[in-house]
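Asks: If you scroll down you'll find the structure; I have some questions about it.
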Amino acid sequence: MGSVSPYAAAHLDPQGAGDARPTALQIIQDEGVEGKLADKVIVITSATSGIGVETARALKATGATLFLTARNLEKAHKSLAGILEPGRVSLVEMNLDSFKSIRAGAEQILSATKGHVNILINSAGVMGLQNYTLIEDGIEAHFSGNYMGFFLLFQLLKQALLARVTPDFHSRVVVVASSAHRAATLPSSDNYNFEKGGYNHEIAYNNSKLAAVYLANKIERDYGAQGLHATSLHPGAINTNISRNMPPEFLEGLMTNPYILKILKSAEQGAATTVWAAVGKKWEKKGGKYLEDAREAERGEDNGQTFGVGWVKQTYNPEEEDRLWRDSRRIVRLEGDA
């Protein structure tokens, strides 16, 4: 059974964006961490649009030092005006579709933090690419942007996260996934990039989000005992720029669907579960769970519904998680399986 959350009641009868469901800043206030994390370092990927901006805005209120990654620094300065603060909230150039860029950005973070990171939030989204697209490293674009970049960045910051573990404050990794993983099946080891054909953007998106869930599960199993914990989450249905590649008629259908309009969240609400996973007392010394609506997800129906509620049979699968981890290390060219 999922755990009881103080925010659970607000999700029983959602009334659309801006309703009683909590915002990211409300989570900060309710958890009592305003100004309380001044000695902590938080890294947030793709914090320049949608829920990423609201995640950064809320976590700035904790007093922590923030490193926000951005593909385009010029655009990032504009979208984060009012959030950036010299010496405390900084931008790091990083393209999650480029292993070279991820390595360079991670090196910059490690240099600036002297190898100490407390919380890593892997937040980004690629959705609806109608045409089959490979990035520069030969990875299918959804698999790269929604999972593989996260995996490599974690590997590069892993020792920095472990170095900051103390008896009182364990390190955390938060992976923004999606309820779309409920309709996914992890591809075979020789077909992550649709090498066998049959590309479909929905399948690509769903599978990449399942991989993101598996990343958090595996991190918890391997490093939880060392004080490094991880959770994955579904932020909710939010009308953001992630849908820019979807056909207009599809978006129109969604935005006129009564059910979708009812569960829709604002960007501020959409960032709430991410922030809860990052600073909530519930996850101080544990992880390995899939979260939704600022609570631990309960067992759902295995119906393949991408907008469904709860975790399903494929959400937790240690054998597949291990396979994906091994394959991912090979893909990003990390030696061994340690």
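The values are calculated or read from the model by the stated rules, or taken from the named source; none is laboratory data. Keep in mind that this is a model prediction, so the values were computed, not measured. Cβ atoms come from the backbone with ideal geometry, glycine included; neighbour counts cover every protein chain shown. Ligands, DNA and RNA are stripped out before the accessible areas are found, and what is left, the full protein with its side chains, is counted by its heavy atoms. Shrake-Rupley method; radii C 1.70, N 1.55, O 1.52, S 1.80 Å.
Asks: One residue is enough: does segment 181-191 have a residue meeting the conditions within 21 Å of R103 (Cα to Cα) and touching a Ser or Thr at 6+ places or on another chain (Cβ under 7 Å)? Steps first, answer last, please.
Replies: Here is the first cut: in segment 181-191, the residues within 21 Å of R103 (Cα to Cα) are none.
Scanning segment 181-191, I find no residue that is within 21 Å of R103 (Cα to Cα) and touching a Ser or Thr at 6+ places or on another chain (Cβ under 7 Å), so the answer is no.
Asks: Continuing with the same structure: When both residues are 6+ apart or on different chains and their Cβ atoms are under 7 Å apart, which pairs have a first residue that lies in segment 304-327 and is modelled with pLDDT of 95 or more, and a second that is crowded, with 17+ Cβ neighbours inside 10 Å and polar (S, T, N, Q)?
Replies: Every condition considered, the pairs that remain are Y316/N217; E321/N217.
Asks: Which condition breaks for A81 when tested against (1) over 20 Å from K289 (Cβ atoms); (2) among the hydrophobic types (A, V, I, L, M, F, W, C); (3) modelled with pLDDT of 95 or more; (4) over 20 Å from the mean Cα position of the chain (by Cα)?
Replies: Going through (1) over 20 Å from K289 (Cβ atoms); (2) among the hydrophobic types (A, V, I, L, M, F, W, C); (3) modelled with pLDDT of 95 or more; (4) over 20 Å from the mean Cα position of the chain (by Cα) one by one, A81 breaks only (3).
Asks: Tally time: how many residues in segment 280-303 are closer than 28 Å to I27 by Cα, exposed (fewer than 12 other Cβ atoms within 10 Å of the Cβ) and touching a helix residue (DSSP H, G or I) at 6+ places or on another chain (Cβ under 9 Å)?
Replies: The number of residues fulfilling the criteria is 0.
Asks: Any residue in segment 304-318 that is exposed (fewer than 15 other Cβ atoms within 10 Å of the Cβ), in a loop (DSSP other than H, G, I, E, B) and at positive phi?
Replies: There is at least one residue in segment 304-318 that is exposed (fewer than 15 other Cβ atoms within 10 Å of the Cβ), in a loop (DSSP other than H, G, I, E, B) and at positive phi.
Asks: Any idea which of F154, F169 is under 22 Å from E320 (Cα atoms), open to solvent by less than 50 Å² (accessible area, probe 1.4 Å), at pLDDT 95 or above and not β-branched (V, I, T)?
Replies: On the way: F169 fails: under 22 Å from E320 (Cα atoms).
The match here is F154.
Asks: Next question, about the same structure. Just need a number here: residues in segment 36-61 that are in a loop (DSSP other than H, G, I, E, B) and open to solvent by 50 Å² or more (accessible area, probe 1.4 Å). Talk me through it step by step, then tell me what you get.
Replies: At the first step, the residues of segment 36-61 found to be in a loop (DSSP other than H, G, I, E, B) are 36-40, 45-49, 61.
Filter once more, so that each one left must be open to solvent by 50 Å² or more (accessible area, probe 1.4 Å): 36, 38-39, 49.
Within segment 36-61, residues that are in a loop (DSSP other than H, G, I, E, B) and open to solvent by 50 Å² or more (accessible area, probe 1.4 Å) number 4.
Asks: Mind listing whichever residues of segment 193-212 are under 16 Å from Q314 (Cβ atoms) and aromatic (F, W, Y)?
Replies: Y205
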